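What follows is a set of notes on a single structure, which appears directly below.
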């Protein structure tokens, strides 16, 4: 189905690359200030402690090894494909600057890697590292993604996030000011947030100099503080049925800055860890449903975004 309803990530890639490009996720063995005691312990309430593996106890696989495996998976089918190294797990700017730079440069030196995507927290971006990224941005494709999760400080405090929305705004502004593509990540359906408050996130982030935005549904994961909270206080939560969530993300997209790329609407947690909601849909199946609903509703990204 042709997508004329919202801006896709492929639009950004096709602007830069004349060939197919695939992200390869990297776990570089980082921790997070919300786990190691510098801000808090235990992490965000929705984050799975059991799956946390910083690599200190066993052998942490190198960036090159992970790229080798990821590329081997795709290259049989698409021999001409190139790759973006996606530093995804935990806080990928949280270490000494020298060590961080070594890891990023190792990824970029790997054959057929044509850029980097770095996922991190807004309170973990020192100016010296941003200066390096500004230089790096001149020689390769680069996106810095910040986990905002919510624009409400009351929610950020409730989920033990360890930073404020003001810190998110500051990090995004500083990054975009250096000419770097900047992304934001939001979770829709966090405890105590009404639909009106969720839509207000769209209004709030639309004011920021973002390139990409990722949305995903709240998922309850085994072994988390949030799973325990849900057992004890289910009334705090709204775990959407799939059709309701599809309408929610379309309502959200209508309010969103039409220049933003919506990179995704949902994420998938490992089935063995997921408590709810279990919709039984792959990402591409969900996206097809979203496109159909956009068409049925005769609407599009930015329809309700104020212009002028």
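Scanning the stretch 95-109 for residues that are more than 18 Å from residue 137 (Cβ to Cβ) and touching a strand residue (DSSP E or B) at 6+ places or on another chain (Cβ under 7 Å) gives no hits. Taking residue 289, is it surrounded by 14 or more Cβ atoms within 10 Å (Cβ to Cβ), assigned to a loop (DSSP other than H, G, I, E, B) and free of Cβ contacts under 8 Å to residues at least 60 places away in the same chain? Answer is no for this residue. Annotation: residue 248 fulfils all but one of (1) in contact (Cβ under 8 Å) with a residue 60 or more places away in the chain; (2) loosely packed, with under 14 Cβ neighbours inside 10 Å; the unmet one is (2).
Across the stretch 127-148, the qualifying residues are those that are in contact with a helix residue (DSSP H, G or I) (Cβ under 7 Å, 6 or more places away or on another chain) and not in a helix (DSSP H, G or I), and the one among them that is surrounded by the most Cβ atoms within 10 Å (Cβ to Cβ) is 148. The combined condition, being farther than 30 Å from residue 175 by Cα and buried (at least 20 other Cβ atoms within 10 Å of the Cβ), is fulfilled by residue 224. Looking across the stretch 190-208 at every residue that is assigned to a helix (DSSP H, G or I) and out of contact with any strand residue (DSSP E or B) (no Cβ under 8 Å at 6 or more places or on another chain), the one that is surrounded by the most Cβ atoms within 10 Å (Cβ to Cβ) is identified as 202.
Quick grid of which residues meet (1) out of contact with any strand residue (DSSP E or B) (no Cβ under 8 Å at 6 or more places or on another chain); (2) assigned to a helix (DSSP H, G or I):
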{"residue": "269", "(1), (2)": "no, no"}
{"residue": "272", "(1), (2)": "yes, no"}
{"residue": "275", "(1), (2)": "no, no"}
{"residue": "284", "(1), (2)": "yes, yes"}
{"residue": "296", "(1), (2)": "yes, yes"}
{"residue": "301", "(1), (2)": "no, no"}
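Only one entry of 78, 104 meets the criterion of being surrounded by 11 or more Cβ atoms within 10 Å (Cβ to Cβ), under 17 Å from residue 27 (Cα atoms) and in contact (Cβ under 8 Å) with a residue 24 or more places away in the chain, and that entry is 104.
The residues of the stretch 164-187 that are under 15 Å from residue 44 (Cα atoms) and either in a strand (DSSP E or B) or touching a residue at least 60 places away in the same chain (Cβ under 8 Å) (or both), listed by number, are 185, 186, 187.
Can residue 157 be described as out of contact with any strand residue (DSSP E or B) (no Cβ under 7 Å at 6 or more places or on another chain), under 27 Å from residue 89 (Cβ atoms), at pLDDT below 95 and in a helix (DSSP H, G or I)? Spelling it out, residue 157 is indeed out of contact with any strand residue (DSSP E or B) (no Cβ under 7 Å at 6 or more places or on another chain), under 27 Å from residue 89 (Cβ atoms), at pLDDT below 95 and in a helix (DSSP H, G or I). Determine, yes or no, whether residue 268 is in contact with a helix residue (DSSP H, G or I) (Cβ under 7 Å, 6 or more places away or on another chain) and either modelled with pLDDT of 85 or more or within 20 Å of residue 11 (Cβ to Cβ) (or both). Here the answer is no, as residue 268 does not meet what is asked.
The values are calculated or read from the model by the stated rules, or taken from the named source; none is laboratory data. All values reported here derive from a predicted model rather than from experimental measurement. Using ideal geometry, Cβ is built from the backbone for each residue, glycine included, and neighbour counts are taken over all protein chains shown.
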